[in-house]
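Everything on this sheet refers to the single structure shown next.
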Amino acid sequence: MDVPRSEVTDDSQGGRGSGADGAPLQNGVSLQGGSPLQDGACLRPSGAGGRRPCTRLAGGPRARRAGALRLGLMVLPVAFFAVFFAYPLVEIVARGLRDGGAWHAGRIGEVLTGPGTGHVLWFTVWQALASTALTLVLALPGAYAFARLDFPGKRLLRAVVTVPFVLPTVVAGSAFLALLGRGGLLDQLWGVRLDTTVWAILLAHVFFNYAVVVRTVGGLWGQLDPRQEEAARVLGASRAAAWRTVTLPALAPAVAAAGLIVFLFTFTSFGIVQILGGPTFSTIEVEIYRQTAELFDLPAAAVLTLLQLVAVGAILAVHAVTVRRRERALHLVDAAGTAQRPRGAAQWALLGGVLATVGLLLLLPLGVLVERSLHTAGGYGLAYYRALASADSGAFLVPPIDAVANSLEYALAATAIALVIGGLAAAALSRRAGALLRGFDALLMLPLGVSAVTVGFGFLITLDRPPLDLRSSWILVPLAQALVGAPFVVRTMLPVLRAVDDRLRQAAAVLGASPLRVWREVDLPMVRRALLTAAGFAFAVSLGEFGATVFIARPDQPTLPVAVARLLGRAGDLNYGQAMALSVVLMVVCALALLLLERVRTDHTGEF
């Protein structure tokens with residue numbers, strides 16, 4: 001609609017509310033006072049003084065439409081998570097705790113006091129705490145190096161350290177077995193074996209989660225204004241005192257958030273503990289799998305699932321508090337201007353230590369993986385890669401190489417679903433804080449902490465009858481993968497959407513733009529790069545999803561992680577070599593996706 005020349009005023013301030021910025025926008029509309037339109041704001045024709053009536057925005061049709069828009073944005077994500085996450089989870093728990101239509105709450109006590117449960121709970125918490133502490137100790141220097149130091153190959157190295165995070169656990173487990181296990185590199189050189197020890201589990205967890213700390217803490221560290229610490233030193237503080245009193249308090253919420261995420265991922269660890277820990281060690285996630293797939297004890301699996309759900313909910317609640325503290329407390333600058341070439345022996349030594357850590361802990365296992373894929377009985381060659389094209393030489397009805405095409409198709413479909421669901425959810429969460437939206441945010445993060453084994457098994461027993469008879473449909477795998485990819489889309493896009501000045505949206509709405517046009521003309525140009533970054537993460541994570549996919553992938557349409565697991569489960573050098581070769585293929589595809597992500601991301605895009 002056409003809007004006459006006007007200015008925005010706020011009756012709560014009295015008069016016409018002429019502000020300091022008052023920059024005219026289209027058709028003469030100006031935003032006075034330098035703040036977004038709040039309750040009580042109104043639109044008053046210019047030159048009318050304080051006597052002409054104003055057009056109220058808050059509480060009027062536009063405010064109601066904005067509220068309806070927020071609810072509308074939540075409908076599809078809520079429906080998606082309700083049907084494909086909550087419903088299978090509730091059904092698993094219900095089948096485990098019901099008998100003949102009656103609930104048996106006493107089973108909870110029976111399972112929790114049963115033999116072995118206490119040890120499983122203790123080891124789950126202990127290894128998660130130890131893994132988190134070790135990851136923070138080793139990764140925080142890396143976060144500083146990537147944030148404050150400028151060195152050749154930095155962008156490439158940042159992509160490389162992220163590759164382990166999106167690799168399936170079967171690939172990482174294979175790499176560490178080749179490094180630490182029987183006949184592995186350490187065994188050949190020094191006769192040392194660390195497989196089936198807790199050290200193998202802890203080191204593999206650092207391998208996976210190093211990038212979480214580097215990106216979460218390093219991304220924020222690079223945006224902190226270094227002049228604040230310099231000002232403290234000018235006032236007489238030592239370098240250590242300035243860092244302790246200025247930088248550390250600003251970083252503390254980010255460090256806490258990264259630590260909680262690492263704790264969450266290691267608390268729910270499955271593949272690493274199962275492959276490297278052997279029968280000696282078992283986490284809650286491994287025990288859920290054992291009770292479900294091996295012992296068929298649904299009551300025990302249901303109780304452990306409930307216990308894990310409560311723990312994950314508590315972790316996510318604390319994480320949400322740390323994120324809000326970080327958002328409120330900081331004034332950030334462009335990260336591009338804060339990184340400098342290393343100066344002095346201390347910075348060069350720190351950079352050398354970071355590069356050594358990355359080389360030994362992250363690159364060496366990946367290098368051993370490549371070496372094993374090329375090492376045949378007759379020397380080094382591509383025999384295992386050539387064997388992937390033959391259905392007769394592997395553990396499949398189809399050539400194992402077909403898993404590459406299957407994975408790409410599934411991952412592309414899952415990425416599209418995750419972008420729609422996660423994008424709508426991020427748009428809703430970016431509007432206005434409230435208890436409802438905070439609960440919605442927690443719901444979106446739950447799939448990252450709830451047993452993927454339980455979700456996959458829940459798909460099989462719930463999505464097998466009309467109107468959701470999907471058990472034989474190809475779409476089931478992308479749906480499961482999108483559950484994991486959507487939270488990464490939300491976490492990547494949400495900070496960028498919140499950074500869009502709401503006055504631009506309001507001005508466009510005042511000028512008659514529909515909500516869809518406001519999003520297309522205002523939000524989309526500003527979040528385009530974040531959208532591409534989110535797509536890259538969703539694609540890479542979907543490629544590596546294993547826990548749920550192993551239950552629902554068709555035998556003749558395996559994904560790369562499922563194919564690797566099948567090959568590792570069969571005896572023989574040929575199957576082992578093909579597993580290594582497929583793992584390398586998956587690693588290369590993930591690395592290419594992340595390199596593309598690094599080209600489109602900005603240093604301040606998203607929370608990860």
Worksheet item: Taking the stated definitions as given, is Gly67 of a type in the set (Gly, Ala, Ser), part of a helix (DSSP H, G or I) and either modelled with pLDDT under 90 or within 29 Å of the chain's Cα centre (by Cα) (or both)?
Response: yes
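Counting only residues that are over 19 Å from the mean Cα position of the chain (by Cα), of a type in the set (Val, Ile, Thr) and more than 30 Å from Thr454 (Cβ to Cβ), give me the helices (runs of 4 or more DSSP H) lying completely in segment 491-608 with at least 1 of them.
Once the helices (runs of 4 or more DSSP H) in segment 491-608 are filtered for at least 1 residues that are over 19 Å from the mean Cα position of the chain (by Cα), of a type in the set (Val, Ile, Thr) and more than 30 Å from Thr454 (Cβ to Cβ), what remains is 502-510, 515-518, 573-600.
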Fill in: Residue check for Phe296: aromatic (Phe, Trp, Tyr), more than 14 Å from Ala452 (Cα to Cα) and in a helix (DSSP H, G or I)
no
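Restricting segment 263-309 to residues that are hydrophobic (A, V, I, L, M, F, W, C) and closer than 21 Å to Arg193 by Cα, which is farthest from the chain's Cα centre (by Cα)? Show your work before the answer.
Let us first name the residues in segment 263-309 that are hydrophobic (A, V, I, L, M, F, W, C), namely 263-265, 267, 270, 272-273, 275-276, 281, 284, 286, 288, 293, 295-296, 298, 300-304, 306-307, 309.
Checking the rest, the ones that are also closer than 21 Å to Arg193 by Cα come to 272-273, 275-276, 281.
Working: Ile272: 18, Val273: 21, Ile275: 23, Leu276: 24, Phe281: 26 Å.
The selected residue is Phe281.
Residue by residue, here is whether (1) in a loop (DSSP other than H, G, I, E, B); (2) within 20 Å of Ala204 (Cβ to Cβ); (3) in contact with a Leu (Cβ under 8 Å, 6 or more places away or on another chain) holds:
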residue	(1), (2), (3)
Gly96	no, no, yes
Arg107	no, no, yes
Gly118	no, no, no
Leu134	no, yes, yes
Practice prompt. Could you please let me know if Ala252 is among the small types (Gly, Ala, Ser) and closer than 30 Å to Arg95 by Cα?
Written response: no
Worksheet item: Which ranges mark the helices (runs of 4 or more DSSP H) fully within segment 151-222 that have 3 or more residues being crowded, with 24+ Cβ neighbours inside 10 Å and either without any contact (Cβ under 8 Å) to a residue 60 or more places away in the chain or under 20 Å from the mean Cα position of the chain (by Cα) (or both)?
Response: 154-166, 169-180, 198-221
Worksheet, complete the sentence: Exception for Gln481 within (1) within 19 Å of Ala553 (Cα to Cα); (2) modelled with pLDDT of 80 or more; (3) surrounded by 18 or more Cβ atoms within 10 Å (Cβ to Cβ); (4) over 28 Å from the mean Cα position of the chain (by Cα) falls at (4)
Worksheet item: Pick from segment 338-361 the residues that are modelled with pLDDT under 90 and within 15 Å of Lys154 (Cβ to Cβ): which of them is surrounded by the most Cβ atoms within 10 Å (Cβ to Cβ)?
Response: Thr338
Worksheet item: On the given criteria, is Ser514 of a type outside the set (A, V, I, L, M, F, W, C), surrounded by fewer than 21 Cβ atoms within 10 Å (Cβ to Cβ) and out of contact with any strand residue (DSSP E or B) (no Cβ under 9 Å at 6 or more places or on another chain)?
Response: yes
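Does Gly577 count as under 17 Å from Gly184 (Cα atoms) and either modelled with pLDDT of 85 or more or not β-branched (Val, Ile, Thr) (or both)? Quick ask: steps written out before the conclusion?
Details: under 17 Å from Gly184 (Cα atoms): yes; either modelled with pLDDT of 85 or more or not β-branched (Val, Ile, Thr) (or both): yes.
Yes, satisfied.
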Fill in: segment 168-204, residues that are of a type in the set (A, V, I, L, M) and either touching a His at 6+ places or on another chain (Cβ under 7 Å) or under 21 Å from Thr268 (Cβ atoms) (or both)
Val170, Val171, Ala172, Ala175, Val198, Ala200, Ile201, Leu202, Leu203, Ala204
Discussion item. Tell me whether segment 228-246 contains one or more residues that are closer than 18 Å to Gly142 by Cα and either of a type in the set (Lys, Arg) or not in a loop (DSSP other than H, G, I, E, B) (or both).
Written reply: yes
Practice prompt. Would you confirm whether any residue within segment 257-280 is on the phi > 0 side of the Ramachandran plot, of a type outside the set (A, V, I, L, M, F, W, C) and surrounded by fewer than 22 Cβ atoms within 10 Å (Cβ to Cβ)?
Written response: yes
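Check whether at least one residue in segment 566-574 is of a type in the set (Gly, Ala, Ser) and surrounded by 20 or more Cβ atoms within 10 Å (Cβ to Cβ), and report yes or no. Outline the logic, then answer.
Applying the first criterion (of a type in the set (Gly, Ala, Ser)) to segment 566-574 yields 569, 571-572.
Going one step further and asking which of them are surrounded by 20 or more Cβ atoms within 10 Å (Cβ to Cβ), we end up with none.
Among the residues of segment 566-574, not one is of a type in the set (Gly, Ala, Ser) and surrounded by 20 or more Cβ atoms within 10 Å (Cβ to Cβ), which makes the answer no.
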Item to complete: Could you pull out the residue among Val453, Val484, Val522 that is out of contact with any Ser or Thr (no Cβ under 8 Å at 6 or more places or on another chain) and either at positive phi or not small (Gly, Ala, Ser) (or both)?
Response: Val522
Worksheet item: Can you spot a residue in segment 227-249 that is in contact (Cβ under 8 Å) with a residue 12 or more places away in the chain, more than 30 Å from Ala178 (Cα to Cα), touching a helix residue (DSSP H, G or I) at 6+ places or on another chain (Cβ under 7 Å) and crowded, with 20+ Cβ neighbours inside 10 Å?
Response: yes
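The values are calculated or read from the model by the stated rules, or taken from the named source; none is laboratory data. What you see is a predicted model, and the numbers here were worked out from it, not measured in a lab. As a convention, Cβ positions derive from the backbone with ideal geometry for all residues, glycine included, and neighbour counts pool all protein chains shown.
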